[in-house]
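This structure is in structure tokens; I'll ask about it shortly.
Nothing in this text is a laboratory measurement; each read-out follows from the coordinates by a stated rule. Because the structure is predicted, anything quoted here is derived from the model rather than measured. Note: ideal-geometry Cβ built from the backbone for every residue, glycine included; neighbour counts use all protein chains shown.
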Amino acid sequence: MKIAQLLPVTLIEYPGKVSALIYTEGCNFRCPFCHNAELVLPGKYKSLIPEKEVLQLLQERSGFLDALAITGGEPTLQPDLIEFLGKVKDLGLLVKLDSNGSRPEVLKLALQLKLVDYVAMDVKTTFDKYDSLIGAKCNCNDIKDSIDIIRNFAPDYEFRTTVAPTITQDDLYDVAEYIKGSKRYYLQKFITYEDKDLIDPSWNDKRGLPRKKLDEVWGNVSKLFDIGGVR
């Protein structure tokens, strides 16, 4: 596993659980609004944390931690992800996996083997706008398959859309309509950081929909989901 960053404890990554968090290196998308350039762009990669070191920390804290959350980058690109998940489950921990949904076969295998307890998937935008928003070629059938797999097999899950510049209210309504009936859906406000450039630094000066508009959208789609809101 190419593990680039480790957060020993967090209370916000896995709903209702105390978890550790790891970031995997590498992504097949190039979303210009992503603020994890050091995980996505090969020229910015930093030294990796040995898998053995991560597992040792998890073992030492297994009485304190409930779970491990895995994000990226895109974790499903890791060729040894399934093996690593098995090692984490052997420690008695829950697993939360973040994904962009581009590799449904990996998600399905992990869920069938009961190696993941919570999946958080980004639904970036409407399918006709995916390629232009993520800066890469995307097979949207894979995204659709992942949505179905998560809804049918995940013990717990959420979908979320980061409302980046260029995403309109109508786009959000279309996404919500497609995934209606899902357990959780969140709209995430687009943010930038003064000390951290985005994948495309020019997007630091762009603005997404204001909170008032996001609240309006959520008010209109909230009835389609069991749980959700604006973050």
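To one decimal place, what orientation-averaged projected area in nm² is obtained for the convex hull of the Cα set of the chain?
Its average projected convex-hull area is 12.0 nm².
How would you classify the range 10-73 from its alpha-carbon gyration tensor, with a ≥ b ≥ c the square roots of the eigenvalues: rounded for a/c under 1.5, else prolate if a/b is greater than b/c, otherwise oblate?
Note, shape of the range 10-73 comes out oblate.
Please report the spacing between the Cα centers of the range 214-228 and the range 68-117 in Å, no decimals.
29
Relative contact order, percent, of the chain when contacts are C-alpha pairs under 8 Å separated by at least 6 residues?
18
I've got another one for you. Listing Tyr118, Tyr178 from the residue with the fewest other Cβ atoms within 10 Å to the one with the most, what is the order?
Listed from fewest to most nearby Cβ atoms, that is Tyr178, Tyr118.
Right, here's the next one. So who's got an amide H within less than 5 Å of the one on Gln5, skipping anything under 5 residues away but keeping other chains? H placed 1.01 Å off N, in plane.
For Gln5, the qualifying residues are Tyr23.
Related question: Add +1 for every Lys or Arg and -1 for every Asp or Glu among the other residues with Cβ under 12 Å from the Cβ of Ile49, and state the total.
That sum, taken over residues with Cβ under 12 Å, equals 0.
Specify the angular offset, from 0 to 90 degrees and rounded to the nearest 10, of the alpha carbon long axis of helix 140-153 from the longest principal axis of the alpha carbons in the chain.
60
When all C-alpha to C-alpha distances in the range 100-231 are sorted into bins of 5 Å, what percent of pairs does each bin hold, rounded to whole numbers?
All Cα pairs considered, the percentages come to 2, 10, 20, 21, 20, 15, 9, 3, 0.
Please say if the range 74-126 is rounded, prolate or oblate, where rounded means a/c under 1.5 for a ≥ b ≥ c the square roots of the C-alpha gyration tensor eigenvalues, and otherwise the choice is prolate for a/b larger than b/c and oblate otherwise?
Prolate shape, in that a/c is at least 1.5 and a/b is the bigger ratio.
Then there is this: Check which residues have an amide H placed less than 5 Å from Gly228's amide H, if you skip close sequence neighbours.
Those qualifying (amide H under 5 Å, at least 5 residues apart or on another chain) are Tyr185.
Can you list the equivalent-ellipsoid semi-axes of the range 107-154, largest first and in whole Å, using the square root of 5 times each Cα gyration tensor eigenvalue?
24, 9, 9
Between the range 136-213 and the range 3-23, what's the alpha-carbon centroid distance in Å?
Using only Cα atoms, the two centres lie 21 Å from each other.
Can I ask one more? How far apart, in nm, are two points set 7 Å out from the Cα along the Cα-to-Cβ line at Leu7 and at Gln169?
3.2
Which pairs break 31 Å Cα to Cα here: Lys89/Lys212; Lys96/Lys144; Lys144/Lys189; Lys52/Lys96; Lys89/Lys183; Lys114/Lys144?
Numbers: Lys89/Lys212 41 Å; Lys96/Lys144 20 Å; Lys144/Lys189 23 Å; Lys52/Lys96 19 Å; Lys89/Lys183 24 Å; Lys114/Lys144 21 Å.
Pairs exceeding the cut-off: Lys89/Lys212.
What list do you get for Trp218, Trp203 if you sort them by fewest beta carbons within 10 Å?
With the fewest neighbours first, Trp218, Trp203 line up as Trp218, Trp203.
What are the ³J(HN,Hα) values, in whole Hz, obtained from phi via the Karplus relation 6.51 cos²θ - 1.76 cosθ + 1.60 with θ = phi - 60°, for each residue of the range 214-221 in sequence order, with x given for Gly and Pro?
Once rounded to whole Hz, the list reads 5, 4, 5, 4, 4, x, 8, 10.
Would you mind telling me which residue in Gly63, Gly208, Gly92 has the biggest mean-square fluctuation in a Gaussian network model of the chain, where springs connect alpha carbons within a distance under 10 angstrom?
Looking only at Gly63, Gly208, Gly92, the largest GNM fluctuation is found for Gly63.
To continue, here is another question. Where a Cα-Cα gap under 19 Å defines reach, which aspartates and glutamates qualify for Lys44, not counting those fewer than 8 residues away within the same chain?
Hits, sequence-local ones excluded: Glu25, Glu74, Glu194, Asp195, Asp197, Asp200.
Please give the net charge around Cys138, taking every other residue with its beta carbon less than 14 angstrom from that of Cys138, where Lys and Arg add +1 and Asp and Glu add -1.
0
On to the next question. What Cys residues in the chain have no fellow cysteine's beta-carbon under 4.7 angstrom?
Lone cysteines by the Cβ rule: Cys27, Cys138, Cys140.
Show me, for the range 75-83, the HN-Hα J-couplings you get by feeding each phi into the Karplus relation (A = 6.51, B = -1.76, C = 1.60, θ = phi - 60°), rounded to Hz, glycine and proline as x.
So the Karplus estimates, Gly and Pro as x, are x, 5, 7, 6, x, 10, 4, 4, 4 Hz.
Check Ala69: other-chain or 5+ apart residues with amide H under 5 Å from its amide H, H built from backbone geometry?
Residues meeting the amide H criterion: Ala20, Leu21, Ile22, Lys96.
Using R₀ = 41 Å, calculate the FRET efficiency as 1/(1 + (r/R₀)^6) where r is the Cβ-Cβ separation of Glu51 and Ser202; round to 0.05.
With a Förster radius of 41 Å, E is 0.70.
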